[in-house]
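The values are calculated or read from the model by the stated rules, or taken from the named source; none is laboratory data. What you are looking at is a predicted structure, and each value in this text was computed from that prediction instead of being measured. All Cβ positions, glycine included, derive from the backbone under ideal geometry; neighbour counts span all protein chains shown.
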Number of protein chains: 2
Amino acid sequence: MTSQVSPTQDDGVPAQPRWLDAEEQRAWRAWLYSTTLLEDRLERDLTHSAGVSSAYYEILVQLSEAPERRMRMSQLADRCLASRSRLSHAVSRLEERGWVAREVCVEDGRGQLAVLTDEGMSALQQAAPVHVASVRTHLFDQLSPTQVAAMRDIGETLLRHLDPR
Amino acid sequence: MTSQVSPTQDDGVPAQPRWLDAEEQRAWRAWLYSTTLLEDRLERDLTHSAGVSSAYYEILVQLSEAPERRMRMSQLADRCLASRSRLSHAVSRLEERGWVAREVCVEDGRGQLAVLTDEGMSALQQAAPVHVASVRTHLFDQLSPTQVAAMRDIGETLLRHLDPR
């Protein structure tokens, strides 16, 4: 992303877009770098404390909040913003640890459920306070209430476009 | 991340943190989901148009803006917020495409430079307009000027904490 690269004018090249102006450039870079560094930091803290990545952690969280700690694989993929194949791979890794189990869905005999085991719940309970402390230290402790409100407003505005369910 | 998981009270478990309140939870979820979906969308558009991921694209951008289109590998890693090993791997992949070359640094005979080739510059010039259009469509076109200013303010505030260089 840069304003200093000009597109070539050959045939077949997309028409020149409206390049980002100076204010947009600064906003874009600030967003890009801060989200990258924040994600890296939270991931590092989570891996250190829980031994799992944030994607795996989110699976445990979603299952812990579901009725009877179980959810259809397809719904779990939606909730975790993951593809079916990526979720299936992650659940297999969590099964190896004994944190998640798979069951056939009894309601219709088709489809699979993912279930959070007692061991998985225990692992989540160990990791959660460390993760919350990390989010507080590196995000909320840095921002004013006005900035937190703006962050939510921007996030929800983008979600209406990106995920209009 | 959830307020509904309580930590166990066994010895050795970190002290209970201040859990996120309802407003913080909503802000956190909105940020987490919107950044995940935005990154996925930009990545998909970039891979489709340029055949490279955003991490590789950033390497091309940084080199294109450097004097003589070359930069020390260590400096390039810093600029791309990448570890040395991850950057080295990415540069190797870009070398295979003929988009980047490595040179020994003539100034001190130690260290390596990464150089953007003419082919790499051409690839960047093809990809840049598509990428800018994608960023505009999925980010800036969705936000008011006030929201863009707030996004920059929040990002710069977080950067002062996360990357206090």
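Which members of segment A:101-134 meet the condition of being more than 14 Å from chain B (Cβ to nearest Cβ), in contact (Cβ under 8 Å) with a residue 40 or more places away in the chain and within 22 Å of the chain's Cα centre (by Cα)? Working first, answer last.
Applying the first criterion (more than 14 Å from chain B (Cβ to nearest Cβ)) to segment A:101-134 yields A:101-115, A:117.
Subsequent filtering for residues that are in contact (Cβ under 8 Å) with a residue 40 or more places away in the chain retains A:112-115.
Within segment A:101-134, A:Leu113, A:Ala114, A:Val115 qualify.
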Quick one: is B:His89 in contact with a helix residue (DSSP H, G or I) (Cβ under 8 Å, 6 or more places away or on another chain) and either more than 12 Å from chain A (Cβ to nearest Cβ) or of a type outside the set (Phe, Trp, Tyr) (or both)?
no
Any residue in segment A:15-24 that is touching a helix residue (DSSP H, G or I) at 6+ places or on another chain (Cβ under 8 Å), modelled with pLDDT of 50 or more and in a helix (DSSP H, G or I)?
yes
I'm trying to understand the selection: among the residues of segment A:112-125, which are part of a helix (DSSP H, G or I) and either surrounded by fewer than 20 Cβ atoms within 10 Å (Cβ to Cβ) or modelled with pLDDT of 95 or more (or both)?
A:Asp118, A:Glu119, A:Gly120, A:Met121, A:Ser122, A:Gln125
Residue list for segment A:135-152, filter: of a type in the set (S, T, N, Q) and either in contact with a Pro (Cβ under 9 Å, 6 or more places away or on another chain) or at the interface with another protein chain (Cβ under 7 Å from one of its Cβ atoms) (or both):
A:Gln142, A:Gln147
Taking the conditions exactly as written (at positive phi and either surrounded by 13 or more Cβ atoms within 10 Å (Cβ to Cβ) or among the basic types (Lys, Arg) (or both)), does B:Arg79 satisfy them or not?
no
Across segment A:135-162, what is the total count of residues that are surrounded by 15 or more Cβ atoms within 10 Å (Cβ to Cβ) and either of a type in the set (Ser, Thr, Tyr) or not in a helix (DSSP H, G or I) (or both)?
4
Which one of these does B:Val52 not meet: (1) modelled with pLDDT under 90; (2) surrounded by 20 or more Cβ atoms within 10 Å (Cβ to Cβ); (3) aliphatic (A, V, I, L, M); (4) closer than 27 Å to A:Tyr57 by Cα?
(4)
Testing B:Trp31 on (1) on the phi < 0 side of the Ramachandran plot; (2) away from every other protein chain (no Cβ under 11 Å), one condition comes back false. Which one is that?
(2)
Cβ-Cβ under 7 Å, sequence separation 6+ or interchain: first residue in segment A:35-61 and without any contact (Cβ under 8 Å) to a residue 40 or more places away in the chain, partner surrounded by fewer than 18 Cβ atoms within 10 Å (Cβ to Cβ) and not in a helix (DSSP H, G or I). Which pairs?
A:Thr36/B:Leu81; A:Leu37/B:Leu81; A:Leu37/B:Asp163; A:Glu43/A:Ser53; A:Thr47/A:Ser53
